[in-house]
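Starting off with a structure, shown below.
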Amino acid sequence: MKNVCLLLVPVLALLTAGATSAVEPINSKGRSRLAVHGYDVVAYFDGEAQRGSEDFVHSWMDAVWHFATAETRDRFAADPKTYAPQYGGYCAYAVSKGYTADVDPEAWTVHAGKLYLNNSKSVRVRWSKDIPGNIVKADSNWPKLLAE
């Protein structure tokens, strides 16, 4: 048993050597690199949270984005910075507090022409109490989180 443990130490060291705590610029998980849990980010600007389809896909910023229609996919492809969620699709309220958190795609706000996602609908309520102030804090924290 002792020999097995001694063999595992270098293996574990190799496996964790490349690990990093840096925040990815786009909140996309796993091998699929799926952004916003597969929701159509353009649809938010049309007033609804809508699941995208594997039939309408666009790759941007090392992430895969799904869309409900070819038209929304093409709108995104023509100007992704206009439609992409702020703070890489992480919870805007969490970023305003100095950390990142995943999102519930049903907890969203379009404010001043920008998409903000939150971790849950209850977090969105807290976010909504001071959207301009939270944006100022999140805008300040986001570059630091990316650099960590």
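The values are calculated or read from the model by the stated rules, or taken from the named source; none is laboratory data. Because the structure is a prediction, the values reported are computed rather than measured. Cβ atoms come from the backbone with ideal geometry, glycine included; neighbour counts cover every protein chain shown.
Which of the residues belonging to the stretch 48-63 are within 15 Å of the chain's Cα centre (by Cα) and either crowded, with 19+ Cβ neighbours inside 10 Å or in the same structural domain as residue 109 (by TED's automatic domain parsing) (or both)?
Of everything in the stretch 48-63, just one residue is within 15 Å of the chain's Cα centre (by Cα) and either crowded, with 19+ Cβ neighbours inside 10 Å or in the same structural domain as residue 109 (by TED's automatic domain parsing) (or both), namely 63.
Which of the residues belonging to the stretch 74-98 are crowded, with 21+ Cβ neighbours inside 10 Å, under 9 Å from the mean Cα position of the chain (by Cα) and of a type outside the set (Gly, Ala, Ser)?
Across the stretch 74-98, the qualifying residues are 85, 87, 90, 91.
Looking at the stretch 100-125, which of its residues are surrounded by 14 or more Cβ atoms within 10 Å (Cβ to Cβ), of a type outside the set (A, V, I, L, M, F, W, C) and without any contact (Cβ under 8 Å) to a residue 60 or more places away in the chain?
Scanning the stretch 100-125 gives 104, 109, 111, 114, 116, 118, 119, 120, 124.
Just to be sure, is residue 100 at pLDDT below 95, under 20 Å from residue 148 (Cα atoms) and outside any strand (DSSP E or B)?
Criteria not met by residue 100.
Can I ask one more? Residue 146: out of contact with any Cys (no Cβ under 9 Å at 6 or more places or on another chain) and part of a strand (DSSP E or B), yes or no?
no
Now a separate question. Do we have residue 114 as basic (Lys, Arg) and either under 18 Å from residue 26 (Cα atoms) or assigned by TED's automatic domain parsing to the domain that holds residue 45 (or both) here?
Spelling it out, residue 114 is indeed basic (Lys, Arg) and either under 18 Å from residue 26 (Cα atoms) or assigned by TED's automatic domain parsing to the domain that holds residue 45 (or both).
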